[in-house]
Amino acid sequence: MSRLSSWSMLVLLGSAGCEGPVEWTAALEEPLRVTNAWFVPGDLPVDDAGGAVTSIDAANGILIQGQRNRVLTGRVTADAYSVAIRLGDTSSGWWVLPVADANPLFPGERDFLLRYDVGFDIPLGGNTLQLASVGEDGARGLPFELSVCVNEELVPRGLHACDPTIPPPAAIIAIEWDRNVDLDLVVRTPSNDVISWKSPRGGEVDGSARLTRDSNAACVTDGRNGESLVWDNPPPPGNYLVYADLFEACGSESVLFTITDYVRQDNLDGTFTLIERTRSSGGLLDVQATGGAKQPLYVTTIAFP
Amino acid sequence: MVLHWIYVLTVSASSSMTQGATVEITIEDDDPSTQAEDDEELVIDAAGTAPPAGEATPVAAEGSDPPAPSAATPSEPPVGEDPGTVTDTHPQTSPELAEELRQLRERLEYLERKEDERAAKAAAKQAIADEQKRTRSKVEGRPSAVGVGFKPLSAGSDWGVRFGGYLQVQYLWSALSEDQLMQGGTPLNRNRFMVRRGRLTVEGEWKYIAAAFQLDASTTRGAFLGIRQAHVSALWRNPDASKPPYIMATVGLTEAPFGYEVRLGQREMIFMERSTGSLAFFPGPVDIGLRLRGGVGPFRYDVAVMNGAPLDDRAGSGANGLDPTTMPDFIGRFGVEVPASKYFVAAGASFLAGQGFHAGLDATKNQVQWQDINENGAIDTGELVSIPGTAATPSETFSRWAVNADVELGIRSRIGWSQLWAEVTLGSNLDRGLYVSDPVEVGSDLRQLQVYAALIQELTKWAIVGFRYDFYDPNTDLLDRRRGVFVPAQAGMHTFSPLAGAVLPENLAPGFRGRLVFQYDAILDALGRDSRGVPADVKNDQFTVRLQGEF
């Protein structure tokens, strides 16, 4: 009887896979999230028999925090079972995806296509995408590395994020908030010009300023919950009054926000740094929604030299 | 001279209720000397100790002296008068008294008749109560597998309206839990306390009619209050109340007569939930329709015409329970049941035939979409594309069916009942709760297979242990694409569920029963992928502790 039970268990285990149970996780903390792929925590065993990645085709090498649906295609050797990808040492494991058919144009190779999202917590600056071929025994070959530059959207540094010799914007005032509400940044310049979603570039005097976006406009959630006012050139000196305008609460009872200002610093060695100067926080209740017709909440005054 | 004789007749019923009747008869008497002695009471009790109607002449109370005959009331009838007729010895009031006596006799006869009828009714009621008591003693202690589909009728309950219910509070731990949200905001965490079911039932049962209404309050998917039973039945009962009725026609929201688990009440179910396949076929055990069931001897039948849109047992929202197809489902089970005091055997075969629904798409408007082809986060030439609106697509229906066989066995030993039951179901396009079948989308029929076997062992009346093996394959024809080649793949899920629990017997706290049950579900499936991309078992075991209180 016990022998029969043992055989039954073996058959059941065999039908479910020989490697034992694998861990399931949404892996939302990972810097990369690959669509339709499986996340395997930790490193994979390395074996030259795992095959190799022979080609990678990417649109560009600049990743933006929170970017969705980036595409990476390529080819692996024909003995590969799956392709694995991770972001340098930032990832805590590998995403694996079965490879596709053999490519008739490249005999002995198989295609793969990866669609991935970029996490918001991914570190800024240079990094490395690693792709590896996985063989029949579950071991991976040596990784194929692709250098990438990670940038952010709220405080757009441009290529300065990866090359400090490229100057970042001269000044940035950014606002971020915690709920899906239509909150707007409003800045009154020393020339009494108001920059907001109604006039995103300000007047002629402050013409170099630009508002990056109207986040969650009309309660259409965009996933950013933040917007920023960017001066590519130094703003006119003086005091800038900063307001938070809750246009619509979108069903939320309250919202907490933070306003930060950054300025460019010349390091006098050919490199630049974007430094954070001040940070102010506050909150608004849904009853304080203005609909754009009332006085917004004054938060702070920022002085630019 | 006027003589007042007052007769007070009191009739006491044998039941707790007391009814009385008072007859006052006033008889004129010319002799004032007898007036004080003539106020008499005649008491007739329910035991029939009243004097016969013919003797209902005014007499003094027991122990007192009879009224002294006056000169006008001789003890012998006068010569020449008929001694056979009741005559008053009072020459002047004789006709009136005779009339009064006649009326009195009639009233007494009437009251005695009524009393006899009441006594007969009380005896009949007592006989029913005795029979129900005998029935109760027959079914008490029987395992839940006996009489499934006919409860509470076979429980020998008293006729009339009664209230009841039960509460299931549990803590669930799942290996899948994670402190994250799914797309849409649903928490991935499953480790939590919850009120799985809170049922309140009002049932009415009479000789030819029965009805039930049950509400469910739970927090399974957030706070929820909904209906779980609402039906009225007309029935022709078996004289032996421990057996199911010959015919019972039910309309309303009631269990779908398919297999064993679906018909088994959630209250009686020892395992936490129905088996995986049963939950996939019937997201909830109840549906709305017409159901006809009954039993003759060991044979049982249970057939129904239902909407085919079972109410989800795990609370509901949206179109839960709304049937999108015009054609109903035809469901039924035919079986045998042989209950005895120390064993029982039951088995049955079930069928289901119905129609599924493939929802069409709404019409859409024109849209402009940005495709960030070069992935630079900015709109460049050629990245704005127009998406023309589309016309609505029609919905389609498809046929679905299933056949099922079930068997239930039980034997009573010195340590308690041992119960074993098993089911096997073959289905086509019937998955409505897990991998919802849509052959229109897939292009071919989806076949399902469900098998399970469960064992429950009572350990005295205080504890139970059990084990269930459950297998469900939502698509027996599944293919997996591996390195560009389609290969047969396993979609089956094996669940091994050991169980142990403590039971609070019925007699300990009158009117209340309870149990505390621990169950671990070890699940073997192919829902994950290993590093090769090959389907693999995923860590999704779970553990549940449930406290159930019944009243």
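The values are calculated or read from the model by the stated rules, or taken from the named source; none is laboratory data. For clarity, every value in this text was computed on a predicted model and none was experimentally measured. Here the Cβ is made from the backbone with ideal geometry for all residues, glycine too, and neighbour counts use every protein chain on show. Accessible surface areas use protein heavy atoms only, side chains included; no ligands, DNA or RNA. Shrake-Rupley method; radii C 1.70, N 1.55, O 1.52, S 1.80 Å.
The table for this structure:
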{"quantity": "Unit charges on C-beta of K, R, D, E only; dipole of region B:511-551, Debye", "calculated": "120 debye"}
{"quantity": "Convex hull per residue volume in Å³, alpha carbons only, for region B:445-513", "calculated": "116 Å³"}
{"quantity": "Surrounding net charge for B:Val232, when Lys and Arg each add one and Asp and Glu each subtract one, Cβ distance under 13 Å", "calculated": "-1"}
{"quantity": "Radius, Kirkwood style, for region B:485-551 when every pair of distinct Cα atoms is counted (Å)", "calculated": "15.0 Å"}
{"quantity": "Cα centre as origin, Lys/Arg/Asp/Glu Cβ charges: region A:123-268 dipole, Debye", "calculated": "260 debye"}
{"quantity": "Using alpha-carbon coordinates, inclination of helix A:2-16 to the longest axis of chain A, degrees", "calculated": "50 degrees"}
{"quantity": "Spin-label pair B:Val232/B:Val487, simplified geometry with 7 Å Cα→Cβ offset, distance in nm", "calculated": "6.1 nm"}
{"quantity": "Estimated 222 nm signal from helices in chain A, with DSSP H stretches of n ≥ 4 weighted -39500 (n - 2.57), rounded to 500", "calculated": "-1500 deg cm²/dmol"}
{"quantity": "Region B:193-242 shape via C-alpha gyration tensor axes, a/c threshold 1.5", "calculated": "prolate"}
{"quantity": "Amide proton proximity set for A:Val40, modelled H, under 5 Å, gap of 5+", "calculated": "A:Trp94, A:Trp95, A:Val96"}
{"quantity": "For region B:227-271 and region B:385-418, distance of Cα centres in Å", "calculated": "20 Å"}
{"quantity": "Those residues of region B:173-198 for which accessible area with every protein chain present is at least 20 Å² below the isolated value (1.4 Å probe)", "calculated": "B:Leu176, B:Glu178, B:Gln180, B:Leu188"}
{"quantity": "Amide H partners (placed H, <5 Å) of A:Val148, local residues excluded", "calculated": "A:Asn127, A:Thr128, A:Leu129"}
{"quantity": "Residues whose placed amide H lies under 5 Å from that of A:Ala139, excluding near-sequence neighbours", "calculated": "none"}
{"quantity": "Convex hull of Cα atoms in region B:163-305, direction-averaged projection (nm²)", "calculated": "10.2 nm²"}
{"quantity": "Two-decimal ratio, region A:171-245, of alpha-carbon radius of gyration to 2.2 N^0.38 Å", "calculated": "1.07"}
{"quantity": "Alpha-carbon centroid distance for the pair region A:111-161 / region B:465-540, whole angstrom", "calculated": "37 Å"}
{"quantity": "For region B:171-255, radius of gyration divided by Kirkwood radius, i.e. Rg to Rh on alpha-carbons", "calculated": "1.24"}
{"quantity": "Region A:223-305, Rg to Rh (Cα coordinates; Rh as Kirkwood inverse mean 1/r)", "calculated": "1.06"}
{"quantity": "Extension gain, B:Arg414 back to B:Thr186 (0.36 nm per residue minus Cα-Cα distance, nm)", "calculated": "77.2 nm"}
{"quantity": "Region A:117-267: C-alpha gyration tensor shape, a/c 1.5 cut-off, then a/b vs b/c", "calculated": "oblate"}
{"quantity": "Under 15 Å, Cβ to Cβ, from B:Asn374 - net charge with Lys/Arg +1 and Asp/Glu -1", "calculated": "-3"}
{"quantity": "Percent of Cα pairs exceeding the 23 Å cut-off, where the set is chain A", "calculated": "65 percent"}
{"quantity": "3J(HN,Hα) from dihedral phi, region A:139-146, Karplus parametrisation 6.51/-1.76/1.60, rounded to Hz, x for glycine, proline", "calculated": "8, 9, x, 5, x, 9, 10, 10"}
{"quantity": "Unit charges on C-beta of K, R, D, E only; dipole of region B:177-271, Debye", "calculated": "80 debye"}
{"quantity": "Global form of region B:250-324, assessed from the alpha-carbon gyration tensor, a/c cut-off 1.5", "calculated": "oblate"}
{"quantity": "For region B:352-464, alpha-carbon Rg over 2.2 N^0.38 Å", "calculated": "2.00"}
{"quantity": "Per residue, the convex hull volume that the Cα atoms of region A:115-206 enclose (Å³)", "calculated": "167 Å³"}
{"quantity": "Quarter of the Cα convex hull surface for region B:411-551, i.e. its orientation-mean projected area (nm²)", "calculated": "11.3 nm²"}
{"quantity": "Ranking by accessible area, most exposed first, for B:Ile247, A:Ile195 with a 1.4 Å probe", "calculated": "B:Ile247, A:Ile195"}
{"quantity": "Per residue convex hull volume, Cα atoms of region B:270-427, in Å³", "calculated": "190 Å³"}
{"quantity": "Packing-based order for B:376-387, B:328-339, A:179-190, using average beta carbon neighbours within 10 Å, highest first", "calculated": "A:179-190, B:328-339, B:376-387"}
